[in-house]
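Student: This is the structure I want to talk about, given as structure tokens.
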Amino acid sequence: MRIALRSLILLAASAAALCAAHALAEPRFSFANTPGKLPKDVVPSHYALRIVPGTDRFEAQAAIDIDVKRPVHAIVLNASELSFKSVRLRAAEGNEQILAPTFDPKQETVRLAPPRAPIAPGSYRLDIEYSGQIGRHPQGLYRIEYRQREPQGVVEKTMLATHMEPVSARKLFPCWDEPVFRASFELAAVVDQPLTVVSNMPQSRVEPRPDGKKEVRFARSVPMSTYLVALFVGEMDVLADEVDGIRLRIYTAKGKRERARYAMESTKQIVHYYNGYFGERYPLEKLDQIALPGGSGGAMENWGAIAYNEGRLLYSPRADSLRQQQQIYGIVAHEIAHQWFGNLVTMAWWDNLWLNEGFATWMESKATERFNSTWDTRLRYSLVKDWALGEDARRTTHPIQTRVDNDFRAMEVFDSISYAKGAAVLRMMESYLGEDVFRTGVQAYVRAHRLSNATTADLWHHLSQASGQDIPRLVSAWTEQPGYPLVRVSQRCERGEAVVTLTQERFKLNDPDAPALAWNVPVILADAAGTRRALLVERDARVARFPGCGAIVANAGDGGYYRVEYDDAGFRQLNADLKNLAPLDRLRLLSDTFALVQAGRADVTRYLALVGNLGEEADRTIWDQVVGSLRFFGDLFDKVEESGAFDRFVAQLLQKPFSRVGWDRRPGESSDTQLLRRSLIDALGRAGDKAVVEEAQARFAARADKPLDASIRSAVLNVVGRYADEPTYRTLLRRMRNATDENAKWETLSALRRMQDPGLLRQLMELMLTDELPPSDAVFNLTQLGEDSGQVELGWRFVLARLPDVLAKASERGRLYVLPNTARGFSDAARADELLAATRAHLDATALYQAEKAADWIRLKAAVKQREAARAAAWARAHSRQG
Ligand SMILES: [Zn+2]
């Protein structure tokens with residue numbers, strides 16, 4: 001699964017418990033030892049499902065082949081919001097009994113008990129007739145309402161889709177809804193004649209029915225986990241192709257097929273590459289991808305039928321930007337990687353989710369880098385790693401391998417730790433062991449566990465075999481302990497030689513009592529002459545010597561998952577030599593210095609001095625790091641004069657690179673320049689740069705004659721939204737309402753969320769409580785607009801006052817994020833307490849973890865504010881011209 005960037009902020013989730021590390025000493029995979037909630041004495045082997053969707057509900061039959069391993073008084077499986085009409089259990093020899101269901105809505109289970117004696121061991125078929133709900137949230141079977149442009153105008157349409165991961169398959173069919181219970185599936189659906197139906201497997205039979213409908217049956221699947229089952233029904237166009245003998249199709253809403261071409265070309269490249277890399281061909285005869293005109297904001301790797309929000313898959317060279325193109329390549333590479341990591345080999349339980357998500361994220365970066373050499377992929381993924389480094393140093397983090405005891409926790413581990421830290425640890429191991437050895441181990445792991453499940457211990461086993469090294473000893477601290485090291489580098493000059501001493505300690509953000517931990521840290525040191533030294537830093541200090549006494553970079557090439565702190569002399573040398581560092585090393589130095597300021601180990605002027613020294617910097621990822629960090633500091637000022645001075649400083653700083661890239665594309669400019677232009681317009685608009693604001697407004701006003709350039713359109717809209725008056729608000733609202741695709745809709749919503757005018761924001765918030773938007777989308781925008789507009793207080797007061805209405809719109813699991821997301825923009829410790837109190841008053845204990853996490857973030861900002869705000873304001877005044 002790939003969470004939408006818009007919900008990355010949302011789901012910045014997690015942690016098994018707020019407790020510290022505990023070594024898991026996890027065994028290799030076995031069915032019996034796999035954690036989970038369902039008893040393992042009854043095991044399903046095959047599901048035949050027949051679904052008849054109506055408007056708000058569906059009717060269905062499930063025939064499930066099961067093995068009863070020992071006498072049981074009842075069969076316990078998952079079911080959520082399903083109504084059973086009849087349950088029959090038929091033994092292999094033919095006798096049949098009626099079972100009585102008892103539902104446990106809290107556990108989302110149903111207990112099926114025979115009238116008398118226990119059920120004897122043996123093979124049975126369980127026949128269940130039932131019905132269920134078609135929801136409006138992407139959980140189970142749900143409805144997407146969307147707009148389609150037709151000759152007579154814009155018309156309203158409906159599509160049905162499923163999203164099961166992690167625990168929503170039980171809303172479509174009664175099942176053993178845990179990844180270890182693999183079974184084969186045969187789906188059938190009864191739908192109106194003209195509709196297209198897509199599922200995991202190819203269609204095997206289509207039968208017209210007398211009532212004008214048709215019954216579509218799909219072939220029997222390979223054994224797979226329930227969370228990968230998929231079904232889509234709607235009016236669709238299709239783009240077809242083929243690679244390595246595998247049939248490829250991309251389904252879109254009507255009229256959008258041509259925009260699937262870029263994704264199709266990428267798919268062909270990626271599938272062929274993976275077939276070779278894994279040494280195991282993609283195992284199904286077809287791979288479909290569906291561009292959904294709504295629903296979740298990201299993508300889901302359903303086996304053979306991957307679902308995406310269409311904004312993540314469709315691309316038109318004329319109307320869309322390079323940024324979208326890059327995002328599409330990455331997400332397609334991610335979801336297709338899951339067809340091996342996740343679908344073919346599945347983590348045994350959610351505590352090893354990183355085996356799915358870390359791998360897919362790592363593979364996504366590897367494939368993107370391989371086939372798009374001009375894209376600067378390594379730098380982008382370095383910022384993705386920062387997402388994890390930021391959360392993993394806090395009190396609320398958790399180890400990669402983490403306990404998952406309930407369904408809420410299963411949802412919460414889809415976070416920076418499973419994705420970005422998981423990917424970073426894999427990359428670190430790959431560069432330590434070498435690409436070939438690593439790949440040999442990965443291939444052996446896939447071969448040994450294909451069509452089965454695995455744990456981290458299995459991966460270690462195969463990597464140990466391939467490398468001849470004791471992999472668990474080397475790396476288990478990275479997956480079994482929370483947090484990561486800070487490598488401290490001190491340097492002295494001795495008889496013309498640089499003597500570099502390396503030590504490690506745990507890096508902490510506002511968490512003084514975190515237990516001390518140590519890791520085996522592979523460190524690469526490099527000097528300006530290109531001399532490199534690789535060292536493994538363990539508990540004791542390590543020393544390296546370099547000829548000459550020049551600047552030394554640690555973590556050269558950014559292969560490691562840790563931060564670096566240089567002593568004053570070393571930092572001064574690097575700062576002086578900044579322009580000559582490789583871009584990745586420059587980015588790392590900025591990022592680590594910013595983190596040291598957050599941690600209270602350096603003052604803000606150290607970071608700002610570095611930024612002031614960037615000179616002719618042209619790399620957009622480096623500027624994105626700077627813009628993000630300056631925004632963090634910019635949000636900490638309580639006094640208007642201070643924030644005004646800081647904004648002026650930011651605007652003057654960014655004017656320099658912007659004057660080089662200008663407003664309009666030039667022939668032959670690099671792809672990076674386009675992306676830098678967009679970032680700078682957005683940031684300058686945010687800082688209130690008068691010229692940029694006026695030009696954005698003028699371009700927006702003239703858009704009928706001269707359409708906005710796709711590469712900067714989202715930034716121009718954001719600037720226009722930020723300073724919108726009432727007529728502009730109406731115009732943007734109309735644009736959002738007329739949008740017939742997800743990108744245009746979300747681009748405009750992003751602009752609306754930035755409005756600073758409190759009256760207009762209030763109107764927008766009221767609108768979010770109507771049926772204007774799908775409920776999950778409305779809740780996202782409502783809880784995000786305080787932070788985006790800078791009007792956190794206004795958003796918070798509104799959400800608190802209307803909490804029952806907001807919670808009613810949110811999905812059961814989305815409820816946990818309503819208050820934390822609304823409050824995240826605060827930077828006063830008292831607000832953290834207020835958030836926790838409100839959570840305790842209005843929600844149950846399952847909501848506390850997300851609230852704790854947001855509260856911890858607020859407290860971190862409060863601490864930085866207290867230490868650094870005055871100093872940052874003074875620096876800004878001293879380093880900017882008065883405006
Ligand atoms: Zn994923």
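Student: Starting at 0 and stepping by 5 Å, how many percent of the alpha carbon pairs of segment 191-264 end up in each bin?
Tutor: Computed distribution, short to long bins: 3, 13, 19, 22, 21, 14, 6, 1, 0.
Student: Over segment 431-539, what lengths in whole Å, largest first, do the semi-axes of the equivalent ellipsoid take, defined as the square roots of 5 times the eigenvalues of the alpha-carbon gyration tensor?
Tutor: 33, 21, 10
Student: Given a Förster distance of 45 Å, report the FRET efficiency between Ala698 and Glu150 from their Cβ-Cβ distance, rounded to the nearest 0.05.
Tutor: Given R0 = 45 Å and the Cβ-Cβ separation, E is 0.85.
Student: With Kirkwood's inverse mean 1/r over C-alpha pairs for Rh, give me the Rg to Rh ratio of the chain, two decimals please.
Tutor: Expressed as Rg/Rh, it is 0.96.
Student: Taking R0 as 35 Å, what FRET efficiency do you get between Glu505 and Glu369 from their Cβ-Cβ distance, rounded to the nearest 0.05?
Tutor: Using R0 = 35 Å, I get an efficiency of 0.65.
Student: Compute the normalised compactness of segment 771-883: alpha-carbon radius of gyration over 2.2 N^0.38 Å, N being the residue count.
Tutor: That ratio works out to 1.23.
Student: Among the listed pairs Lys213/Lys286; Lys690/Lys745; Lys106/Lys157; Lys286/Lys366; Lys40/Lys85; Lys85/Lys214, give every one whose C-alpha distance is greater than 31 Å.
Tutor: Lys106/Lys157
Student: Can you give the percent of C-alpha pairs in segment 127-285 whose distance is more than 22 Å?
Tutor: 53
Student: Looking at the chain, what % of its DSSP beta bridges pair antiparallel, to the nearest 5?
Tutor: 80
Student: Continuing with this model, one more query. At q = 0.12 Å⁻¹, what log₁₀ I(q)/I(0) does segment 664-803 have when each alpha carbon counts as one equal point scatterer in the Debye sum?
Tutor: -0.49
Student: With labels modelled as points extended 7 Å from the Cα through the Cβ direction, what inter-label distance (nm, one decimal) is found for Asp705 paired with Asp192?
Tutor: About 4.5 nm separates the two model spin labels.
Student: Continuing with the same structure: Relative to the longest principal axis of the chain, what angle (0 to 90°, nearest 10) does the C-alpha long axis of helix 713-722 take?
Tutor: Once rounded, the angle reads 80 degrees.
Student: Another question, then. If you roll a 1.4 angstrom probe over the protein chains with everything in place, what fraction of the accessible area of segment 362-428 belongs to carbon and sulfur, to the nearest %?
Tutor: 48
Student: Among the listed pairs Lys809/Lys861; Lys37/Lys69; Lys37/Lys809, which are separated by more than 20 Å between their Cα atoms?
Tutor: Distance filter (> 20 Å) returns Lys809/Lys861; Lys37/Lys809.
Student: Between beta-carbons, use under 11 Å as the cut-off and find the net charge around Pro293, counting Lys and Arg +1, Asp and Glu -1.
Tutor: 0
Student: Moving on to the next point. Below 13 angstrom from the Cβ of Arg247, what's the summed charge of the other residues (Lys, Arg +1; Asp, Glu -1)?
Tutor: Residues near Arg247 contribute -2 overall.
Student: Also: At a 1.4 Å probe, what is the % contribution of carbon and sulfur to the accessible area of segment 527-610?
Tutor: 47
Student: Run the numbers for Ser83 and Leu517: contour at 0.36 nm per residue of separation, minus the present Cα-Cα distance, in nm.
Tutor: Difference between extended and current length: 151.2 nm.
Student: Among Ala751, Leu708, Pro118, whose Cα projects farthest towards the positive end of the dipole of the chain, with charges put on the beta-carbon of Lys, Arg (+1) and Asp, Glu (-1)?
Tutor: Leu708
Student: Still on this model: What's the longest piece of the chain with no exposed chymotrypsin sites (Phe, Trp or Tyr not before Pro), counting a site as exposed if DSSP puts it in a loop and it has at most 16 other beta carbons within 10 Å?
Tutor: 32-662
Student: Here's something else I'd like to know. Can you list the aspartates and glutamates whose alpha carbon is less than 15 Å from that of Lys256, not counting same-chain residues fewer than 8 positions off?
Tutor: Within reach: Glu150, Glu235, Asp237, Glu310, Asp320, Asp741, Glu742.
Student: Right, next: Based on Cβ point charges of +1 for Lys and Arg and -1 for Asp and Glu, what charge dipole magnitude is obtained for the chain about its Cα centre, in debye rounded to the nearest 20?
Tutor: Value, rounded to 20: 540 debye.
Student: Along the charge dipole of the chain, which of Val76, Gly814, Phe29 sits closest to the positive end, that is, farthest toward it, with unit charges on the beta carbon of Lys, Arg, Asp and Glu (+1, +1, -1, -1)?
Tutor: Going by the Cα projections, it comes out as Gly814.
Student: Shifting gears a bit: Taking only protein heavy atoms into account and a 1.4 Å probe, give the accessible area per residue of the chain in Å².
Tutor: 36
Student: Can you check what the Kirkwood hydrodynamic radius comes to for segment 371-475, Cα pairs only, in Å to one decimal?
Tutor: Averaging 1/r across every pair of different Cα atoms and inverting gives 15.5 Å.
Student: Explain nothing, just the number: dipole magnitude of segment 672-748 about its Cα centre with +1 on each Lys and Arg Cβ and -1 on each Asp and Glu Cβ, in debye rounded to the nearest 20.
Tutor: 180
Student: Once both axes come from the Cα atoms, what is the angle between helix 583-598 and the longest principal axis of the chain, in degrees from 0 to 90, rounded to 10?
Tutor: 90
Student: Explain nothing, just the number: relative contact order of the chain, from Cα pairs under 8 Å at least 6 residues apart, as a whole percent.
Tutor: 10
Student: Excluding residues fewer than 8 places away in the same chain, name every one of the aspartates and glutamates whose C-alpha is closer than 13 Å to that of Lys579.
Tutor: Glu616, Glu617, Asp619
Student: What is the percent of Cα-Cα separations in segment 351-401 that go past 14 Å?
Tutor: 61
Student: Another question, if that's okay. Hey, which lysines would be in cross-link range of Lys865, C-alpha to C-alpha under 24 Å, not counting anything within fewer than 8 residues on its own chain?
Tutor: Hits, sequence-local ones excluded: Lys508, Lys639, Lys853.
Student: Follow-up. Give me log10 I(q)/I(0) at q = 0.16 Å⁻¹ for segment 278-334, Debye formula, one equal scatterer per alpha-carbon, no solvent.
Tutor: Each listed q corresponds, in turn, to -0.54.
Student: Okay, moving on. So how strong a dipole does segment 52-97 carry about its Cα centre when Lys and Arg Cβ are +1 and Asp and Glu Cβ are -1, to the nearest 20 debye?
Tutor: Roughly 160 debye, rounded to the nearest 20.
Student: Counting only DSSP beta bridges with both residues in segment 270-390, what percent are antiparallel, rounded to the nearest 5?
Tutor: 25
Student: If you don't mind, there's one more thing I want to ask. Between the helical axis of 620-634 and the dominant principal axis of the chain, each derived from Cα atoms, what acute angle in degrees is found, rounded to the nearest 10?
Tutor: 80
Student: How long is the gain from Arg545 to Ala801 if the chain were fully straight, where each residue apart is worth 0.36 nm and the alpha carbon distance is subtracted?
Tutor: Fully extending the segment from Arg545 to Ala801 adds 85.8 nm.
Student: For segment 47-132, what relative contact order do you get, as a whole percent, if you take Cα pairs closer than 8 Å and at least 6 residues apart?
Tutor: Once normalised by length, the contact order is 42 percent.
The values are calculated or read from the model by the stated rules, or taken from the named source; none is laboratory data. The structure displayed is predicted, hence computed values, not measured ones. Here the Cβ is made from the backbone with ideal geometry for all residues, glycine too, and neighbour counts use every protein chain on show. All accessible areas refer to the heavy atoms of the entire protein, side chains included, with ligands and DNA or RNA removed. Shrake-Rupley method; radii C 1.70, N 1.55, O 1.52, S 1.80 Å.
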